[in-house]
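The values are calculated or read from the model by the stated rules, or taken from the named source; none is laboratory data. All figures in this text were calculated on a predicted structure; none of them were measured in a lab. Please note: Cβ atoms are built from the backbone with ideal geometry, for glycine as well, and neighbour counts cover all protein chains shown.
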Amino acid sequence: MPTQLTTDDFKQSLNAHVAVKGTEIRKKYGPDIGWNELQRMLEDRACVRYPCEIRFGTQSLLDGEAAHPTAKGERPEDGFTIVIHPLFASDLAGCVHLVLYQLVLVNYGEFASADDAETFGSAVLGLSKDEYYEGLCELADRLGTAKPCE
């Protein structure tokens, strides 16, 4: 009889997968991942499963939210728009951090957790999860309406 995977098994497997995927992307586009590398990554279906574009604006963002992916249609294949708060338009390095966090939702949907997003983003950028998380907190704190990260 085959072994049944538990929810915890699935979560650990997904987290390990996003770590490997992030490392592969870093090897392919790094070691310095900036705005230009991010743009190339968004076009690469081995990195980003569905078409994505980035727009600056506040549409579809919740109060205190720095960025969020929005589906363009009913099917993931229709693509996504990653909306980034306009406050970050002059900070492209910060935008890279924000977009990488959102790409886990694009690639894995509702199965992805915040921990998966942190694992992925930190692996792509070659940072520890703590360093990546602290960077995200600093970005979120700029909005003023977000609760400061502890």
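Of all residues in the range 85-113, those satisfying the criterion of being under 12 Å from the mean Cα position of the chain (by Cα) and of a type in the set (A, V, I, L, M, F, W, C) are CYS95, VAL96, LEU98, VAL99, LEU100, LEU103, VAL104, LEU105, VAL106, ALA112. Which pairs turn up if I take residues in the range 116-138 that are closer than 10 Å to HIS97 by Cβ and look for partners that are of a type in the set (D, E, K, R) and not in a helix (DSSP H, G or I) with beta carbon separation below 7 Å, at least 6 apart in sequence or on another chain? As it stands, the answer is none, since no pair meets every condition given. Would you call TYR50 within 17 Å of ILE25 (Cα to Cα) and assigned to a helix (DSSP H, G or I)? Criteria not met by TYR50. Residues that are of a type in the set (D, E, K, R) and modelled with pLDDT under 95 were ranked within the range 53-73; the one that is nearest to the chain's Cα centre (by Cα) is GLU65.
Pick from the range 29-62 the residues that are charged (D, E, K, R) and out of contact with any Gly (no Cβ under 8 Å at 6 or more places or on another chain): which of them is surrounded by the most Cβ atoms within 10 Å (Cβ to Cβ)? Per the stated criteria, the residue is ARG49. Would it be correct to say that THR81 is surrounded by fewer than 20 Cβ atoms within 10 Å (Cβ to Cβ), at pLDDT 95 or above and of a type in the set (Val, Ile, Thr)? Criteria met by THR81. Scanning the range 6-15 for residues being assigned to a helix (DSSP H, G or I) and surrounded by fewer than 12 Cβ atoms within 10 Å (Cβ to Cβ) gives a total of 5.
Yes/no per residue for (1) of a type in the set (Gly, Ala, Ser); (2) in contact with a strand residue (DSSP E or B) (Cβ under 9 Å, 6 or more places away or on another chain):
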residue	(1), (2)
PRO86	no, yes
LEU105	no, yes
GLU110	no, no
GLY121	yes, no
GLY126	yes, no
GLU131	no, no
GLU134	no, no
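For the range 1-40, name all the residues that are of a type in the set (Lys, Arg) and modelled with pLDDT of 95 or more. Within the range 1-40, LYS21, ARG26, LYS27, LYS28, ARG40 qualify. Quick check on the range 80-117: of everything there that is aromatic (Phe, Trp, Tyr) and in a helix (DSSP H, G or I), which residue is nearest to PRO51 (Cα to Cα)? Checked the range 80-117; the qualifying residue nearest to PRO51 (Cα to Cα) is TYR108. Contact map, the range 67-82: residues that are of a type in the set (Lys, Arg) paired with residues that are part of a helix (DSSP H, G or I), Cβ distance under 8 Å, separation 6+ or inter-chain. Pairs shown: LYS72/ASP78.
Looking at the structure I just gave you, is PHE56 closer than 16 Å to ASP141 by Cα and either among the aromatic types (Phe, Trp, Tyr) or free of Cβ contacts under 8 Å to residues at least 40 places away in the same chain (or both)? Taking the combined requirement at face value, the residue does not satisfy it.
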